[in-house]
Each structure stands twice: as C-alpha cells, then as structure tokens.
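Reading through the structure tokens given below for one structure.
The values are calculated or read from the model by the stated rules, or taken from the named source; none is laboratory data. No experiment lies behind these values; they were computed from the predicted model shown. Counting neighbours? That spans all protein chains shown, and the Cβs are built from the backbone with ideal geometry, glycine included.
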C-alpha cells in the first residue's frame with residue numbers, strides 16, 4: 001500500500017495547512033500519525049485519493065512522497081498483536097515503525113507497518129496466515 005509522508009516544519013499552523021488543502025479538495029484522511037523532532041515533523045497518512053493528495057500538497061510547496069507500507073489485520077483481542085510480532089521476530093523481520101488505523105474492518109483492527117525488508121515481511125505474514133489489506137483503503 002502507498003502511504004503519503006509529508007515533512008513539516010515544526011511551527012504553528014503547518015498541520016492545519018495540510019489538512020486544509022486536503023479538505024478543500026474533498027480528500028478524506030483515513031489514518032495518520034506524526035513523528036516530531038525539535039525542528040520538523042513527519043506526517044504519515046492514508047487518504048482516499050492518494051495521487052490527487054500528493055499532487056495538491058506538492059503544488060502547495062510541501063515536501064511529500066509515497067512510502068511502501070503493509071496494512072495488517074490484527075485479531076482485536078489480548079495477544080493479537082503479540083502473535084504477529086512473534087512471527088516477525090522469529091523470522092528476523094525488522095519493523096521501522098507502525099501505527100494503528102482508527103477504523104476496524106470486520107472484527108479486526110488494522111495496523112500500518114513499515115518494514116526494513118517489505119518483501120520478507122509480506123512472505124512471513126502470509127506464511128503465518130496473517131491477513132494483509134490488499135485492497136484500496138477507500139472503502140475502509
């Protein structure tokens with residue numbers, strides 16, 4: 001899946017600017033997270049119109065790009081995430097970062113993972129019968 005990453009100066013109003021651009025263009029945010037440092041932040045998000053969103057953000061002068069990530073279905077019960085992490089650790093798959101979706105699909109929670117080796121991660125997840133969201137997120 002393609003995630004949009006936007007580099008933001010750590011100053012007042014920058015997150016608003018991004019959200020306003022998306023809103024003015026009828027683009028819905030489906031999930032987001034922000035990692036910050038003293039000088040800048042990285043906004044990572046899924047939207048319902050990724051190509052349009054990326055173009056509009058770049059037109060407005062933002063440094064934005066697509067990143068490859070995997071959206072994993074997690075049993076929404078105690079130990080659900082641990083089961084997935086065990087499969088990854090056992091197979092020496094390194095996670096660079098992860099965050100959760102606000103919404104659920106069926107009876108599963110959704111987590112976004114960025115892996116050091118995405119192909120190995122997908123193989124391990126599939127080998128362990130762990131669901132991967134492979135459809136567009138528009139309907140989520």
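Restrict the check to region 1-14 and report whether at least one residue is within 20 Å of residue 97 (Cα to Cα), part of a loop (DSSP other than H, G, I, E, B) and within 17 Å of the chain's Cα centre (by Cα).
So far as region 1-14 goes, yes, one or more of its residues are within 20 Å of residue 97 (Cα to Cα), part of a loop (DSSP other than H, G, I, E, B) and within 17 Å of the chain's Cα centre (by Cα).
Go through 54, 85, 32, 22 for me and flag whichever is crowded, with 17+ Cβ neighbours inside 10 Å and either in a strand (DSSP E or B) or in the same structural domain as residue 132 (by TED's automatic domain parsing) (or both).
Of the residues listed, the single one that is crowded, with 17+ Cβ neighbours inside 10 Å and either in a strand (DSSP E or B) or in the same structural domain as residue 132 (by TED's automatic domain parsing) (or both) is 32.
With the checklist (1) in a loop (DSSP other than H, G, I, E, B); (2) surrounded by 14 or more Cβ atoms within 10 Å (Cβ to Cβ); (3) at pLDDT 95 or above in hand, flag the one item residue 130 doesn't pass.
Tallying (1) in a loop (DSSP other than H, G, I, E, B); (2) surrounded by 14 or more Cβ atoms within 10 Å (Cβ to Cβ); (3) at pLDDT 95 or above, residue 130 fails exactly one: (3).
So which residues in region 15-40 are touching a residue at least 60 places away in the same chain (Cβ under 8 Å) and touching a helix residue (DSSP H, G or I) at 6+ places or on another chain (Cβ under 6 Å)?
30
With 93, 74 as the choices, which residue is in contact with a helix residue (DSSP H, G or I) (Cβ under 8 Å, 6 or more places away or on another chain), crowded, with 17+ Cβ neighbours inside 10 Å and part of a strand (DSSP E or B)?
74
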